[in-house]
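Chemist: One structure, as structure tokens, below. Some questions next.
Quick note: the coordinates plus some simple rules give every number you see, no bench work behind them. No experiment lies behind these values; they were computed from the predicted model shown. Note that we place each Cβ from the backbone using ideal geometry, even for glycine, and neighbour counts take in every protein chain shown.
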Amino acid sequence: MEALEEEEAALLSQLRGAVSECGQGHLLDFWPELEGPSQRRALAEALRGMLLLESGQALRDHCRRAMEAHRSQGEGAPLEPRRMEPLPGQFLGSASRSPPEELRAWQQEGLRQISQNKVGVLLLAGGQGTRLGVPYPKGMYDVGLPSCKTLYQIQAERIRRVEQLAGERFQTQCTVPWYIMTSEFTLGPTERFFQEHGYFHLDKTNVVMFEQRMLPVVGFDGKVILEEKGKVAMAPDGNGGLYRALMDHKILEDMERRGLQYIHVYCVDNILVKMADPVFVGFCISKGADCGAKVVEKAYPTEPVGVVCCVDGVYQVVEYSEIPLELAQRRNPDGRLTYSAGNICNHFFTVDFLRAVGEKFEPQLKPHLAIKKVPFVDKEGNLVKPLKPNGIKLEKFVFDVFQFSKNFVAFEVQREEEFSPLKNADTAEKDTPTTARRALLSQHYRWALKAGAVFVDSRGERIPEKQSFREDEEPPAVCEISPLVSYFGEGLEKYLKSKELQSPFLLDEIKAETLQQA
Ligand code: UTP
């Protein structure tokens, strides 16, 4: 007993010295009140991890950087117009404007590389999803589709389908490994979810989950926030934490061992994401790119999306607030916005490029500031839920690596076909479960019409067709098509041509078989 107490006293004094040296002595204020050795051990481990991972100096720097970033917030003036240039046309492909024969050739090249097991996909799923506000990872969210599928299931099925398409085209058996970056918040539940669902019929050895690092959340006074008496507030280090995580967990070695050369990186919340999109992958490879970005055309000059362009001759994403208004409004002779390449966090990288970033460039990535409401314990030990933002998170962004690319390309896709992110709860107007569900069902309705289907209601009466409708409008009929049946609308005629489908209609593999036989 005595020995234990002595051990603990020694541990406390050691820790106190270390945290005080970094100006963070308050983190041990409630040590005597912690319940039992397990709580104390947990806090000690967290503090040690923080000091070890970040080292005393790095922790001091982190807190200082956080405070400085907060102080200078909003000071960023728009860039000088002469420093900016739009993306050069020869490095820009377009799903709607590139010639059809080029699109076909890129698709063929993408499928060929997939069929040779050279392409992997990497999901960024470490975010806390605070705006959506559910207590589980976003990938486990069901936006209310007729099939009740979650985002993870939809993505798993798209992988299976693209493997099948490439395999059939080139007569091979191929695999697209799925790397999933998680964080302390999402790893456990994501692993359990995949286990419970039998990895959605993917081979478990081809689903590789790894964890990104966490960083302490800092108050406006430069002090790390205590979330509970025995718990430091920590947050994932941003989706740009990817590059450190790849090195921490030897993921690049895993990719190289499998012979992968190209990686498609995407966000968990885009319900329309085309994983390992053969056209995009084939385009990037055909152009000899080491790094590529999918972009969507900006809807209007002041739309709050980052724009991919050149600054001082270097590719990067410029925040909408940094673009001078006159440039944001500038139009080409065809009427399109000159700075129109809206970033959607959907990227192509060669494995060699990822290695160069991990080994050489990562420390040059500048952290960005995020100000959040973070529950904390006040001096008296009361738990406070702040009404106003009080915590500074520093995050790196996945797209900040464009500057290191030797051959950067961008590929413009149509928003209604490829981008509908789930960010907010249904109380918001934009990027909600409702808008995500609608985007997917609208797309599938369009595919079904194109394949020659006719929709009828429950009384068998024909539902008038509509080829286009507003983003906030429900499609005239409800139609969901399993990714296992069609990845991008391909191959549907054989099931749907001249068929009368009663809304709501769900086309899964079994239904497809019956329809084909009918
Ligand atoms: P967002 O910036 O939209 O953040 O992430 P979020 O965590 O999903 O949601 P909020 O801001 O808390 O409401 C864009 C993508 O980057 C991933 C997310 O999982 C999502 O796929 N991400 C974000 C990470 O993988 N790690 C992070 O540290 C942050």
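Chemist: Provide the per-residue ³J(HN,Hα) series for segment 115-130, in order, calculated from phi with Karplus coefficients 6.51, -1.76, 1.60 and θ = phi - 60°, each as a whole number of Hz, with x at glycine and proline positions.
Modeler: For segment 115-130, the Karplus curve yields 5, 9, 6, 9, 10, x, 10, 9, 9, 8, 9, x, x, 8, x, 5 Hz.
Chemist: Continuing with the same structure: Per-residue counts of other Cβ atoms within 10 Å, averaged by peptide: what ranking do you get for 191-197, 505-511, highest first? Provide the component values of the computation, followed by the final result.
Modeler: Details: 191-197: 14.1, 505-511: 16.1.
Those peptides, ordered most packed to least, come out 505-511, 191-197.
Chemist: Something else: Give the long-range amide H neighbours of LEU87: residues separated by 5 or more places, or on another chain, with amide H under 5 Å away, using H modelled in the peptide plane at 1.01 Å from N.
Modeler: CYS310
Chemist: Then there is this: For a quick check: sort PHE469, PHE397 by the number of other beta carbons within 10 angstrom, fewest at the front.
Modeler: PHE469, PHE397
Chemist: For the chain, what does -39500 (n - 2.57) per DSSP helix run (n ≥ 4), summed and divided by total residues, give at 222 nm, in deg cm²/dmol to the nearest 500? It would help to have the intermediate numbers written out before the result.
Modeler: Numbers: 14 runs with 171 residues, N = 518.
For the chain, the value works out to -10500 deg cm²/dmol.
Chemist: Ranking request for peptides 150-162, 272-284: highest mean number of other beta-carbon atoms within 10 Å first, then the rest in descending order. Could the numbers behind the result be given before it?
Modeler: Details: 150-162: 22.0, 272-284: 25.9.
Ranking the peptides 150-162, 272-284 by packing returns 272-284, 150-162.
Chemist: Would you please give the FRET efficiency between ASN206 and GLN90, computed as 1/(1 + (r/R0)^6) with r the Cβ-Cβ distance and R0 = 45 Å, to the nearest 0.05? Mind showing how you got there, number by number?
Modeler: Working: r = 36 Å, r/R0 = 0.80.
Between ASN206 and GLN90 the formula returns 0.80.
Chemist: Okay, next question. Given Cα positions, please report Rg to Rh for segment 79-214, the hydrodynamic radius being the Kirkwood one.
Modeler: Numbers: Rg = 18.7 Å, Rh = 17.6 Å.
Expressed as Rg/Rh, it is 1.06.
Chemist: Gain in length, ARG131 to HIS197, computed as 0.36 nm per residue apart minus the alpha-carbon separation, to one decimal in nm? Let's see the in-between values first.
Modeler: Numbers: separation 66, 0.36 × 66 = 23.76 nm, distance 2.64 nm.
Gain on stretching ARG131 to HIS197: 21.1 nm.
Chemist: Distance in nm between label sites at LYS450 and ILE510, each 7 Å beyond Cα in the beta-carbon direction?
Modeler: Result: 2.9 nm between the two label points.
Chemist: Any idea how far apart LYS231 and ALA10 come out in nm if each label point goes 7 Å out from Cα toward Cβ?
Modeler: My value for the distance between the label points is 3.1 nm.
Chemist: Show me, for segment 323-339, the HN-Hα J-couplings you get by feeding each phi into the Karplus relation (A = 6.51, B = -1.76, C = 1.60, θ = phi - 60°), rounded to Hz, glycine and proline as x.
Modeler: Working through the residues one at a time gives 8, x, 3, 4, 6, 4, 8, 5, 10, 7, x, 7, x, 7, 5, 5, 9 Hz.
Chemist: For a test of the definition: using alpha carbon positions, the gyration tensor, and the 1.5 limit on a/c, classify segment 358-461 as rounded, prolate or oblate. Intermediate values should be presented prior to the final figure.
Modeler: On the way: a/c = 5.23, a/b = 1.45, b/c = 3.61.
Because a/c hits 1.5 or more and a/b fails to exceed b/c, segment 358-461 counts as oblate.
Chemist: Another one. So what are the radius of gyration and Dmax for the Cα set of segment 1-125, in Å?
Modeler: 27.3, 80
Chemist: Using Cα-only point scatterers and the Debye equation, what is log10 of I(q)/I(0) for the chain at each q in 0.07, 0.10, 0.11, 0.13 Å⁻¹, rounded to two decimals?
Modeler: -0.44, -0.87, -1.03, -1.35
Chemist: Kindly write out, for segment 406-421 in residue order, the coupling ³J(HN,Hα) from the Karplus curve 6.51 cos²θ - 1.76 cosθ + 1.60 (θ = phi - 60°), rounded to whole Hz, with x marking Gly and Pro.
Modeler: 8, 8, 9, 9, 9, 10, 8, 10, 7, 4, 5, 8, 9, 9, 8, x
Chemist: Another one. Tell me the Rg and the Dmax, in Å, that the Cα atoms of segment 349-395 produce.
Modeler: Spelled out, the Cα radius of gyration and Dmax of segment 349-395 are 18.1, 53 Å.
Chemist: At q = 0.14, 0.23, 0.27 Å⁻¹, what is the base-10 log of I(q)/I(0) for segment 92-138 according to the Debye formula with one equal point scatterer per Cα and no solvent? Please give it to two decimals.
Modeler: Log10 of I(q)/I(0), two decimals: -0.63, -0.81, -0.96.
Chemist: For the pair LYS372/GLU297, report the inter-label distance in nm, with labels modelled 7 Å from Cα in the Cβ direction.
Modeler: Taking the simple label geometry, LYS372 and GLU297 are separated by 3.6 nm.
Chemist: Just the Cα atoms of segment 421-518: what Rg and Dmax do they give in Å?
Modeler: 14.0, 44
Chemist: Computed over the Cα atoms, what is the radius of gyration of segment 381-430 divided by 2.2 N^0.38 Å, N being its residue count? Mind dumping the intermediate values first?
Modeler: Details: Rg = 18.7 Å, N = 50, 2.2 N^0.38 = 9.7 Å.
Computed over Cα atoms of segment 381-430, the ratio equals 1.93.
Chemist: List every residue whose amide H lies under 5 Å from the amide H of THR338, counting only residues 5 or more places away in sequence or on a different chain, with H placed 1.01 Å from N in the peptide plane.
Modeler: Long-range HN contacts for THR338: ARG330, ARG331, ASN332.
Chemist: In the neighborhood of LEU383, defined by Cβ-to-Cβ distances under 12 Å, what is the net charge if each Lys or Arg adds +1 and each Asp or Glu adds -1?
Modeler: Numbers: positive: LYS229, LYS231, LYS385; negative: GLU227, GLU228, ASP378, GLU380.
Local charge sum for LEU383: -1.
Chemist: Just round it to a whole percent: the fraction of Cα-Cα distances in segment 297-408 exceeding 17 Å. Walk me through the numbers on the way to the answer.
Modeler: Details: 4136 of 6216 pairs.
The calculated P(r) of segment 297-408 puts 67 percent of pairs beyond 17 Å.
Chemist: What is the gain in length, in nm to one decimal, between ARG331 and SER72 on full extension, counting 0.36 nm per residue of separation less the C-alpha to C-alpha distance?
Modeler: Numbers: separation 259, 0.36 × 259 = 93.24 nm, distance 3.23 nm.
Roughly 90.0 nm would be gained on extension.
Chemist: What is the ratio of the Cα radius of gyration of segment 128-273 to 2.2 N^0.38 Å, where N is its residue count, to two decimals? Before the final figure, lay out each step's value.
Modeler: On the way: Rg = 17.6 Å, N = 146, 2.2 N^0.38 = 14.6 Å.
Its radius of gyration relative to the 2.2 N^0.38 Å reference: 1.20.
Chemist: Show me, bin by bin at 5 Å from 0, the whole-percent P(r) of segment 269-313 based on Cα pairs.
Modeler: 5, 15, 19, 22, 22, 13, 4
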